[in-house]
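In what follows, a single structure is set out as structure tokens and then discussed.
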Amino acid sequence: MHGGGWTEGVGAWSVKVLGLLELLAAVGLVLPALLDRVPVMVPVTAACWVLLMIGAMVTHGRRREFAFVALNLAYLALAAFLAWGRFGPESFTG
């Protein structure tokens, strides 16, 4: 699998947990805005996504998959921007 080679070095349980975390992150970024409930979940989820992307960058970096490191860095930057925009001194949440 292109991009999925890292799964060779970890157990099936770890892959499933990471998949669940990514699914929860997607839900945590979208549902609060759609339902207009618990808006603080969006920046909290974005901050957690930053941590997840750091782990992904380390994993891909160790495997010398630098294109994926760059992709993860882009995702990290977007999540950090979202967290900063919601938590930061000039919050754009109104």
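The numbers here are math on the coordinates, done by the rules we state, and not lab data. Keep in mind it's a predicted model, so treat the numbers as computed, not measured. Backbone-built Cβ (ideal geometry, glycine too); neighbour counts: all protein chains shown.
Quick notes
- Between the Cα long axis of helix 66-87 and the first principal axis of the chain there is an angle of about 20°, rounded to the nearest 10.
- Pairwise label distance in nanometres, LEU71 with VAL44, each label 7 Å out on the Cα-Cβ vector: 3.0 nm
- Centroid-to-centroid separation of the range 40-94 and the range 5-23 [C-alpha atoms, Å]: 19 Å
- Note on the range 7-94: dipole from Cβ charges, positive end direction compared against LEU24, GLY55, ALA79; the farthest Cα belongs to GLY55.
- Cβ-derived FRET efficiency at R0 22 Å, ILE54 paired with LEU31, nearest 0.05: 0.35
- Here ARG64 and LEU24 are evaluated by their C-beta separation; at R0 = 25 Å the FRET efficiency comes out at 0.30.
- Each residue of the range 29-34 is assigned a 3J(HN,Hα), and the resulting list reads 7, 9, 4, x, 6, 5 Hz, derived from the Karplus form 6.51 cos²θ - 1.76 cosθ + 1.60 (θ = phi - 60°), x at Gly and Pro.
- Think of each Lys and Arg Cβ as +1 and each Asp and Glu Cβ as -1; about the Cα centre, that makes the dipole of the chain roughly 180 debye.
- 3J(HN,Hα) couplings calculated from phi for the range 53-63 with the Karplus curve 6.51 cos²θ - 1.76 cosθ + 1.60 (θ = phi - 60°) are, in sequence order, 5, 4, x, 5, 5, 5, 4, 5, x, 5, 8 Hz; Gly and Pro show x.
- Ellipticity estimate at 222 nm from DSSP helix runs (n ≥ 4, -39,500 (n - 2.57)) divided over the chain, nearest 500: -25500 deg cm²/dmol
- Counting other Cβ atoms within 10 Å as a rough exposure proxy, the listed residues GLU22, GLU65 run GLU22, GLU65 from fewest neighbours to most.
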